[in-house]
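In what follows, a structure is listed as structure tokens, so that the remarks can point back to it.
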Amino acid sequence: MRIADLLARGRTYSFEFFPPKTDEAQAQLATTISELAPLKPSFFSVTYGALGSTRTRTRDVVVQLARSGGIPPMAHLTCVGHLRSEIDLLLGEYKAAGVENILALGGDVPADPSQLGPSDFTHALDLVEHLRENFDVSIGVAAHPELHPRSPSRESDRTHLAAKLRRADFAMTQFFFEVQHYTRLVDELAALGVHKPVVPGVMPVTNKGQIVKMAQMSGAAIPGWLSDRLAKFDDPADIRRVGVEVATKLSSELLAAGAPGLHFYTLNRSTATREIYSNLGLDRG
Ligand code: FAD
């Protein structure tokens, strides 16, 4: 199933995983997938690292999901450190396995950039163009409601986003905690004549230290009201309870604002996502 077609039919609900590095993490992911599949999401997505071993791990998870014939997968794919020939080889493997959805990304440079090979593509748009011209896949791109950390201005961020979204089928956002970041992004794209679906990404906070680090990397702000609430707790169960409550409220505001779907960052765990799903009544069909 192509995500472009799923979005044309109605709202999509999707769950994101990262490829496991160890046998234990592999078993954890298998459990998470088996716990989330009964919620009948529209698709699963699997993140991608630019370095050799992470590339093959992503491919293996995506191919396995596609071959299982259950929930369709979307493979993340990045520009950094990739030659055209490497992208084409991977896309050939995806085609053979029946993978029809790619999230085309600029990619984050790893901590040690010397490990990266040469790149034929600079920006995500270059990869989108290459996929569009050579492969029959549904293409998503990344959007950053609070601006990409490297964007010199709001105008520049939105202009480049609009250019890649004109060629792609849909966008998927970085996480954020206040609905107005999303509605402003959608309005700014509309003002540039771009009306393609923008699916918001929702991250339930389950760990204080982790969310601070991830927000710093991605350009998302943790609002004062949220840090104040989290500061009152240390017990992981309390943190998760607050995280689920905040994510439930945000998800419901996003749906009320007309979002074409919700994409949950699961961090390979199912509990918080299942609780939000249940709070929203989505588990009842
Ligand atoms: P781009 O669209 O290339 O944009 C990056 C910056 O360049 C922006 O500031 C943009 O405004 C600017 N820019 C774009 N075009 C031009 C131009 N022609 N001239 C000048 N400036 C330009 N990273 C991973 O490594 N693996 C993943 O699996 C992954 N999954 C993600 C999933 C989602 C939903 C999101 C939102 C992000 C994900 N990321 C992932 C992170 C992403 O790779 C980084 O944010 C990366 O730094 C930028 O990616 P991009 O696709 O937005 O790049």
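The values are calculated or read from the model by the stated rules, or taken from the named source; none is laboratory data. All values reported here derive from a predicted model rather than from experimental measurement. Cβ coordinates were reconstructed from backbone atoms using ideal geometry, including for glycine residues, and neighbour counts include every protein chain displayed. In case anyone asks, the SASA skips ligands and DNA or RNA and just uses the protein heavy atoms, side chains included. Shrake-Rupley method; radii C 1.70, N 1.55, O 1.52, S 1.80 Å.
A few remarks follow.
- Residue within the range 208-219 that is of a type in the set (A, V, I, L, M), in contact (Cβ under 8 Å) with a residue 40 or more places away in the chain and touching a strand residue (DSSP E or B) at 6+ places or on another chain (Cβ under 7 Å) present: no
- Residues of the range 211-238 that are buried (at least 21 other Cβ atoms within 10 Å of the Cβ) and either outside any loop (DSSP other than H, G, I, E, B) or at pLDDT 95 or above (or both): Ile211 alone.
- Filter pass, Val246 being surrounded by 15 or more Cβ atoms within 10 Å (Cβ to Cβ) and in a strand (DSSP E or B): no
- Residues that are in a helix (DSSP H, G or I) and among the acidic types (Asp, Glu), drawn from the range 174-191: Asp187, Glu188
- One residue from Val99, Val141, Val128 being among the aliphatic types (A, V, I, L, M) and in a loop (DSSP other than H, G, I, E, B): Val99
- Meets criteria (in contact (Cβ under 8 Å) with a residue 12 or more places away in the chain and more than 9 Å from the ligand (Cβ to nearest atom)) for Leu83: yes
- Filtered residue count, the range 224-247, keeping only those that are in contact with a Phe, Trp or Tyr (Cβ under 6 Å, 6 or more places away or on another chain) and without any contact (Cβ under 8 Å) to a residue 40 or more places away in the chain: 1
- Within the range 14-45, being within 13 Å of the chain's Cα centre (by Cα) and open to solvent by less than 40 Å² (accessible area, probe 1.4 Å) holds for Ser14, Phe15, Glu16, Phe17, Phe43, Phe44, Ser45.
- Summed over the range 253-285, the residues that are assigned to a helix (DSSP H, G or I), of a type in the set (Gly, Ala, Ser) and in contact with a helix residue (DSSP H, G or I) (Cβ under 8 Å, 6 or more places away or on another chain) give a count of 1.
- Condition check for Pro200: out of contact with any Lys or Arg (no Cβ under 8 Å at 6 or more places or on another chain), more than 13 Å from the ligand (Cβ to nearest atom) and either at negative phi or open to solvent by 70 Å² or more (accessible area, probe 1.4 Å) (or both): no
- If the condition is being near the ligand (Cβ under 10 Å from one of its atoms) and either open to solvent by 70 Å² or more (accessible area, probe 1.4 Å) or part of a strand (DSSP E or B) (or both), then the range 160-173 contributes His160, Ala171, Met172, Thr173.
- Qualifying residue in the range 174-190 (condition: touching a Gly at 6+ places or on another chain (Cβ under 7 Å) and open to solvent by 10 Å² or more (accessible area, probe 1.4 Å)): yes
- Top-ranked residue of the range 105-147 - restricted to ones that are near the ligand (Cβ under 9 Å from one of its atoms) and open to solvent by 70 Å² or more (accessible area, probe 1.4 Å), ranked as farthest from Val186 (Cα to Cα): Val109
- Restricting the range 51-80 to residues that are away from the ligand (no atom under 12 Å from the Cβ), without any contact (Cβ under 8 Å) to a residue 40 or more places away in the chain and not in a helix (DSSP H, G or I) leaves a set whose member that is surrounded by the fewest Cβ atoms within 10 Å (Cβ to Cβ) is Gly69.
- Some residue of the range 79-100 being in contact with a strand residue (DSSP E or B) (Cβ under 8 Å, 6 or more places away or on another chain), at pLDDT 95 or above and among the polar types (S, T, N, Q): no
- Close pairs from the range 96-117: first on the phi > 0 side of the Ramachandran plot, partner within 15 Å of the ligand (Cβ to nearest atom) and small (Gly, Ala, Ser), Cβ under 6 Å, at least 6 apart: Gly107/Ala50
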